Amino acid sequence: MKFLAITLIVHGPHPVTGVRKPTNDRFREGVDNALLAEELGFDGFGVGERHERPFISSSPPVVLSHIAALTSRIRLFTAVTTLSLLDPVRAYEDYATLDHLSGGRLELIIGKGNGAAQRDLFQVTPDDQWDRNAESYEVFRRIWRQDKVTAATRFRPELKDAEVWPRPLQQPIRVWHGSATSRESVDLAARYGDPLFSANVTNPIEPYAELIRYYRERWEHHGHDPAGIAVGAGTAGLYAARTSQEALAAYRPAFEGNLAFQKRLGLEPVFATLEDFAERSSALIGSPQQIIEKVHRYHEQFGHTVLHLQAEAGGLTDRRHRDSLALFQSDVAPVLRREIPDPPFAWGPALAEPTPTPAPASVPAGH
């Protein structure tokens, strides 16, 4: 099993103290968390993309390029790249550049994105967001693989023998499809034989497990070898301590602060108590053995081989956050690495170059 640390760079009041740090400090924290993840031995670090309050992660290529310059081993992920909002040509240019600057350590997790404010900002509607996401991905995918692209598109000017530079380092790049509750992302991933990353952070396990089962069905429907399936899954929180009592006591102020923050945003919490959150959500709060057992329970339903953890302290003190991540890496990760397989592909500084597959002459809209 592989492990990622992921941040959306939330910029709001601290869940416990109520203090809101300056924007520059929040960016610095995000970068420091990436350095900590590499130091502790995480396999990847992800930066989300959101274009609305309270997030400041609107430019993952810039943030990840800075992190790439300060790290040497850890793979760099987008979590997620909101292709429904982006021009695929411009997105390709950013990420092909980052691919080179990172030495081929880049992977993408794509998705349509969430939130009405960012849809309005980019003039995307609920009716066309899935078609935009599919078209943008199909064009992005072809630009990455082909020197010249012709595409009959609906949501941007058509491409006619278009050359887009720079050409990438990895050929091709690995693209995961982020999915929360909708089947459209799952269908797109299965159609192209791409890996799936389940959000797995808001609800109990059932809707996510159902969607992953659907992904496996669609994967086989499209004629792909079941042995090639790769699934990643998120977690709603982390606090590892020597005992469950210590873990719950230390995490309680952060949970209550985040609960109050959700209510201020007008969100109805799914888990109203810490005990329910620790039991029924994907959060990993407890002793190392409890965490190992919980990941295994989820693995029985998901069959996932990649797990993401929250890179941010999220209301914990910096010391507790670091100690928790360190304990996870020393006492939890080695066991899960032995007991749960890795994804069925290489995980290194750059992907091997396969023989390119010929593509159709044009991309029909929404296909």
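The values are calculated or read from the model by the stated rules, or taken from the named source; none is laboratory data. Every value quoted in this text rests on a predicted model; they were computed, and no experiment measured them. Note that we place each Cβ from the backbone using ideal geometry, even for glycine, and neighbour counts take in every protein chain shown.
Quick notes on this structure:
- Checklist (1) over 14 Å from the mean Cα position of the chain (by Cα); (2) farther than 23 Å from Pro166 by Cα; (3) surrounded by fewer than 23 Cβ atoms within 10 Å (Cβ to Cβ) applied to Asn114, failing item: (1)
- Test: residue in region 122-137 that is under 17 Å from the mean Cα position of the chain (by Cα) and crowded, with 18+ Cβ neighbours inside 10 Å: yes
- For Ala236, the test of being buried (at least 19 other Cβ atoms within 10 Å of the Cβ), part of a loop (DSSP other than H, G, I, E, B) and not charged (D, E, K, R) is passed.
- From the list Arg264, Arg297, Arg322, the one residue that fits, being at pLDDT below 95, on the phi < 0 side of the Ramachandran plot and out of contact with any Asp or Glu (no Cβ under 9 Å at 6 or more places or on another chain), is Arg264.
- Candidates Val186, Val149, Val175 - the one that is among the β-branched types (Val, Ile, Thr) and within 21 Å of Ser57 (Cα to Cα): Val175
- Extreme residue, nearest to the chain's Cα centre (by Cα), among residues of region 255-287 that are surrounded by 13 or more Cβ atoms within 10 Å (Cβ to Cβ) and of a type in the set (A, V, I, L, M): Ala283
- Residues within region 294-347 that are small (Gly, Ala, Ser), surrounded by fewer than 16 Cβ atoms within 10 Å (Cβ to Cβ) and in a helix (DSSP H, G or I), tallied: 2
- Looking only at region 101-111, and only at residues there that are in contact with a strand residue (DSSP E or B) (Cβ under 9 Å, 6 or more places away or on another chain) and touching a residue at least 60 places away in the same chain (Cβ under 8 Å), the one that is surrounded by the fewest Cβ atoms within 10 Å (Cβ to Cβ): Glu107
Residues are listed down the side, and each one gets a yes or a no for (1) of a type in the set (A, V, I, L, M, F, W, C); (2) out of contact with any Lys or Arg (no Cβ under 7 Å at 6 or more places or on another chain); (3) surrounded by fewer than 19 Cβ atoms within 10 Å (Cβ to Cβ):
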site: Leu4; (1), (2), (3): yes, yes, no
site: Asp25; (1), (2), (3): no, yes, yes
site: Gly30; (1), (2), (3): no, yes, no
site: Glu52; (1), (2), (3): no, yes, yes
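- Selection from region 32-50 of residues that are of a type outside the set (A, V, I, L, M, F, W, C), surrounded by 21 or more Cβ atoms within 10 Å (Cβ to Cβ) and assigned to a helix (DSSP H, G or I): Asn33
- The listed residue being farther than 26 Å from Gly48 by Cβ, of a type in the set (A, V, I, L, M, F, W, C) and more than 24 Å from the chain's Cα centre (by Cα), out of Ala227, Ala249: Ala249
- Meets criteria (closer than 24 Å to Gly41 by Cα, in contact (Cβ under 8 Å) with a residue 40 or more places away in the chain and under 22 Å from the mean Cα position of the chain (by Cα)) for Ala91: no
- Restricting region 123-134 to residues that are assigned to a helix (DSSP H, G or I) and either among the hydroxyl-bearing types (Ser, Thr, Tyr) or in contact with a Ser or Thr (Cβ under 6 Å, 6 or more places away or on another chain) (or both), the residue that is nearest to Leu188 (Cα to Cα) is Asn133.
- From Glu184, Glu138, Glu220, residue being more than 22 Å from Phe77 (Cβ to Cβ) and in a helix (DSSP H, G or I): Glu220
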